[in-house]
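Report on one structure; see the data block that follows.
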Amino acid sequence: MLSIYSISALILAYLFGSIPTAVWIGQAFYNIDVREYGSGNAGATNTFRVLGKKAGIPVMLLDILKGWTATNLAYMVGVSTTGAFHSIAFVNLQLALGVAAVMGHLFPVFAGFRGGKGIATLFGMILAINLPAALLCVSVFIVTLLITRYVSLSSILAGFIYPIGVTFIFPVYVKSVIIYGMCIFILVLVTHQKNIERLLKGKESKVNLFKKKTA
């Protein structure tokens, strides 16, 4: 049964996730709503595409921080609610808080419920729950990005490797983490449906994080 503390933490996690970093940074420093350009998403990838590295990097880091902070709200709820830190109940609470943050990013109350795809926020959540698996995901993401320059494909493969990581490479004792890993991959596929269609048609946009745009 959820306590008032757990419910409060879930609401706070959702509000953390709802902070529209891409929208606020774009409007505050560039007078641009990134949702009106590029892919139309309020996330780090579209910020890189529309505004460049100087805006994209802070957005990405802040979106990761949202997921990490929201997930770690579990420590504030306390042992009295979960029984003990790192118990099954505690990890399940972390998962619930992380999901709430991702939902906030996808449907931000502070930005008309028009958000991004939640990849950076998902990564922050994974980082808080299983560091080795998170590092495996980011390694796959970086290698794929360097080879293909497709952020979408990199995100999809990173999402695919996570359930494999927590099942076989860095096995966990909490089965819900494995189930959640599978759900992550499904969520990534759903949110990247249009990207997958463009990839299959050879029309997906590539990014270059290392060279400045030419006029």
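The values are calculated or read from the model by the stated rules, or taken from the named source; none is laboratory data. All values derive from a computational prediction rather than experimental measurement. All Cβ positions, glycine included, derive from the backbone under ideal geometry; neighbour counts span all protein chains shown.
Do we have any residue at all in region 35-49 that's within 20 Å of V151 (Cβ to Cβ), among the aliphatic types (A, V, I, L, M) and surrounded by 18 or more Cβ atoms within 10 Å (Cβ to Cβ)?
yes
Going by what's in this entry, would V166 be described as closer than 26 Å to V50 by Cβ, modelled with pLDDT under 95 and surrounded by 15 or more Cβ atoms within 10 Å (Cβ to Cβ)?
Against the criterion (closer than 26 Å to V50 by Cβ, modelled with pLDDT under 95 and surrounded by 15 or more Cβ atoms within 10 Å (Cβ to Cβ)), V166 does not qualify.
Would you confirm whether any residue within region 12-20 is surrounded by 15 or more Cβ atoms within 10 Å (Cβ to Cβ), over 19 Å from the mean Cα position of the chain (by Cα) and either more than 17 Å from A120 (Cα to Cα) or at pLDDT below 95 (or both)?
Checked region 12-20: no residue is surrounded by 15 or more Cβ atoms within 10 Å (Cβ to Cβ), over 19 Å from the mean Cα position of the chain (by Cα) and either more than 17 Å from A120 (Cα to Cα) or at pLDDT below 95 (or both).
Suppose the filter is surrounded by 20 or more Cβ atoms within 10 Å (Cβ to Cβ), on the phi < 0 side of the Ramachandran plot and in the same structural domain as G56 (by TED's automatic domain parsing); does T121 pass it?
When the stated conditions are applied, T121 passes them.
Go through region 1-28 residue by residue and tally those that are of a type in the set (S, T, N, Q) and touching a Leu at 6+ places or on another chain (Cβ under 7 Å).
2
So is R114 in contact (Cβ under 8 Å) with a residue 60 or more places away in the chain, among the charged types (D, E, K, R) and surrounded by fewer than 20 Cβ atoms within 10 Å (Cβ to Cβ) or not?
yes
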